[in-house]
Amino acid sequence: MIVDRAEPADIPRLLKFRTDAAKWLRDQGSDQWSTPYPPELLTESVTAGEVYLFRPAEAAPPVATVTLDRRAEPVLWSADERCEPSLYVHKLTLARPGSGDRLGARILDWCGDRAARSGMKWLRLDAWTSNTRLHAYYERLGFTHIRTVHDPAAYESGWVAQRPAMRCELPFQLQPAGENQAPGDHAS
């Protein structure tokens, strides 16, 4: 699997990932991601170099995406927690949700490895408050539920969890990004 940073030209594909995932979730009985994601927010994350695409081969189309950053939402994380060195997972989306190939788990391991190699203590995420199947999935992958926030500012994504940042044997290779490469980037 090849990992590279998303570029502005990838934004339409990223938005399609989101709408396709929202349809799949709706078919599963969840209203998660039922509101369209603002393209300007996605553009900010792409421009900041925080959005990654996962491809089975260099010339292949992406099969997944994740946003990984250091921004803790104040409505979700306490002041003390926000001071702890952590990376935050956002918008983990697979082109084929529920495909059973453990791609989501492998991407989370990759994120945890990036966090550990960057000197972070935690890998954190938030999930749709009512999506109990997703909560159970994250807990099976070693995340510990911290709290559920019921605040309109959490946009229905108030279930928060974390697991220690840990190095792992990576099944992915991060493509060099030249001047766009952030500190701590590595190929495995």
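The values are calculated or read from the model by the stated rules, or taken from the named source; none is laboratory data. The model shown is predicted, which means the values in this text are computed figures rather than measured ones. In this analysis, Cβ positions are derived from the backbone assuming ideal geometry, glycine residues included, and neighbour counts consider all displayed protein chains.
Tell me which residues, restricted to the range 56-90, are of a type in the set (S, T, N, Q) and more than 18 Å from the chain's Cα centre (by Cα). Matches in the range 56-90: 78 only.
Selection within the range 159-188: residues that are more than 17 Å from residue 117 (Cα to Cα) and modelled with pLDDT under 90. The member of this set that is surrounded by the fewest Cβ atoms within 10 Å (Cβ to Cβ) is 179. Only residues that are within 23 Å of residue 19 (Cβ to Cβ) and assigned to a loop (DSSP other than H, G, I, E, B) were counted in the range 44-56, giving 3. Out of contact with any helix residue (DSSP H, G or I) (no Cβ under 8 Å at 6 or more places or on another chain) and closer than 23 Å to residue 87 by Cα: does that describe residue 17? Judged against the criteria, residue 17 is a match. Which count do you get for residues in the range 91-141 that are among the hydroxyl-bearing types (Ser, Thr, Tyr) and under 15 Å from the mean Cα position of the chain (by Cα)? Adding up the residues that qualify gives 3.
Within the range 117-154, the set of residues being polar (S, T, N, Q) and free of Cβ contacts under 8 Å to residues at least 12 places away in the same chain comprises 132 only.
Each row is one residue, and each column tells you yes or no for (1) among the polar types (S, T, N, Q); (2) assigned to a loop (DSSP other than H, G, I, E, B); (3) surrounded by 17 or more Cβ atoms within 10 Å (Cβ to Cβ).
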{"position": "9", "(1), (2), (3)": "no, no, no"}
{"position": "22", "(1), (2), (3)": "no, no, yes"}
{"position": "42", "(1), (2), (3)": "no, no, yes"}
{"position": "58", "(1), (2), (3)": "no, yes, no"}
{"position": "115", "(1), (2), (3)": "no, no, yes"}
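The residues listed here are 106, 96; of these, the one that is at pLDDT below 95, more than 21 Å from residue 148 (Cα to Cα) and assigned to a helix (DSSP H, G or I) is 106. For residue 137, the conditions (1) under 23 Å from residue 17 (Cα atoms); (2) touching a Ser or Thr at 6+ places or on another chain (Cβ under 9 Å); (3) surrounded by fewer than 17 Cβ atoms within 10 Å (Cβ to Cβ) are fulfilled apart from (2). Pull up the range 24-40, narrow it to residues that are in contact (Cβ under 8 Å) with a residue 12 or more places away in the chain and part of a helix (DSSP H, G or I), then point me to the one that is nearest to residue 87 (Cα to Cα). Across the range 24-40, the extreme among qualifying residues is 39.
So, in the range 32-85, exactly how many residues are on the phi > 0 side of the Ramachandran plot and among the aromatic types (Phe, Trp, Tyr)? Matching residues across the range 32-85 total 1. In the range 80-113, of all residues being more than 22 Å from residue 63 (Cα to Cα) and of a type outside the set (Ser, Thr, Tyr), the one that is surrounded by the fewest Cβ atoms within 10 Å (Cβ to Cβ) corresponds to 80.
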